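Below: the structure, in structure tokens.
The values are calculated or read from the model by the stated rules, or taken from the named source; none is laboratory data. Computed from a predicted structure; not experimentally measured. In this analysis, Cβ positions are derived from the backbone assuming ideal geometry, glycine residues included, and neighbour counts consider all displayed protein chains. We work out accessible area using only protein heavy atoms, side chains counted, and drop any ligands, DNA or RNA first. Shrake-Rupley method; radii C 1.70, N 1.55, O 1.52, S 1.80 Å.
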Amino acid sequence: MKNIVLFASGGGSNAEKIMEYFAKKDNFDVVGLFTNNPNAGAIDRAKNYNVPVFVFNREELNSDIVLKKVQALNPDIIVLAGFLLKFPSNIIAQYPNKVINIHPALLPKYGGKGMYGINVHRAVLENKEKESGITIHYVDDNYDEGNIIFQQAIAVEECLTPEDVALKVLTLEHEHFPVVIENLLNKL
């Protein structure tokens, strides 16, 4: 059995797609969802799949408290699915090349601190990009700079608003993120 731990800060649609996908698989188990937001929609989504939820604050994340809870779940992979805080070095060091993130743009463009959600899509339109997309990458000590695992592009020329771009990108995220996770786990 390969164990998956999720981190999410918001609505949790990616986390839900991952839980839904792996609920149908025999060799994989989503063993926990961690969130820094006690009001995150991801919490209810996790409960629908009987996935244990762990709520923490920034201080607990940056101490060994969250690390110890993660270790207790024995993860084969840690997936950041809309997690907005800087991921701590102590967890990255404990799980080298086992912490991955999805970013709603084609890195290295539109990455870094503050570049998340609608901010990314607004920047894409303001710069008159012809395409955007998703990047799934390993997490290192810098925002959005880890080695790229997978990218998929979509045309955005006909998109009129950042919300239009967001919808197209989210469709890509839901389609590809669970599959990429499974492929990585199968290589372990």
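Quick notes on this structure:
- Options G146, V169, I181, ranked by Cα towards positive dipole end of region 94-182, top entry (Cβ charges): G146
- Solvent-free Debye calculation, one equal scatterer per alpha-carbon of the chain: log10 I(q)/I(0) at 0.15, 0.17 Å⁻¹ equals -0.85, -1.09.
- Residues with amide H under 5 Å from that of Q152, placed H, sequence gap 5 or more: I134
- Charge sum, other residues only, whose C-beta stays under 12 Å from N14's C-beta, Lys/Arg counted +1 and Asp/Glu -1: -2
- Under 5 Å, built H, 5+ apart or other chain: amide partners of D140: E145, G146
- Descending semi-axes in whole angstrom, ellipsoid equivalent of region 1-59, from the Cα gyration tensor: 20, 12, 8
- Taking E145, E126, E16 in turn, the Gaussian network model of the chain (Cα-Cα springs below 10 Å) assigns the largest fluctuation to E126.
- Total formal charge among the other residues, if their Cβ is under 10 angstrom from that of Y138, Lys/Arg +1 and Asp/Glu -1: -1
- In the context of the full set of protein chains, region 76-142 has a per residue accessible area of 44 Å² (1.4 Å probe).
- The sum of -39500 (n - 2.57) across all DSSP H runs of n ≥ 4, divided by the residue count of the chain, sets its helix-only mean residue ellipticity at 222 nm to -11500 deg cm²/dmol.
- The chain - percent relative contact order, Cα under 8 Å, separation 6 or more: 20 percent
- Cα-centred dipole magnitude for region 1-142, charges only on beta-carbon of K, R (+1) and D, E (-1), debye, nearest 20: 180 debye
- When you restrict to C-alpha pairs under 8 Å that are six or more residues apart and normalise by the size of region 58-115, the relative contact order lands at 33 percent.
- Alpha-carbon Debye profile of region 86-179, log10 I(q)/I(0) at 0.12 Å⁻¹: -0.36
- Among A72, A42, A153, the largest mean-square fluctuation in a Gaussian network model of the chain, built with springs joining Cα atoms closer than 10 Å, belongs to A72.
- A straight chain from S89 to A153 at 0.36 nm per residue would run longer than the Cα-Cα distance by 20.0 nm.
- If a spin label sat at a point 7 angstrom from the Cα of K130 along the line to its beta carbon, the backbone N atoms of region 141-164 nearer than 18 Å would be those of 152-160.
- Over region 67-113, volume per residue of the alpha carbon convex hull, in Å³: 92 Å³
- Area accessible to solvent at H176, 1.4 Å probe radius, in Å²: 40 Å²
- Rounded to whole Hz, the Karplus (6.51, -1.76, 1.60) HN-Hα couplings of region 103-112, x for glycine and proline: 10, x, 6, 8, 4, x, 5, 6, x, x
- Relative contact order (%) - region 121-172, alpha-carbon pairs under 8 angstrom, separation at least six: 41 percent
- Fraction of accessible area attributable to carbon and sulfur, region 28-158 (%, probe 1.4 Å): 45 percent
- Counting charges near M115 (Lys, Arg +1; Asp, Glu -1) among other residues having Cβ under 11 Å from its Cβ returns a value of +2.
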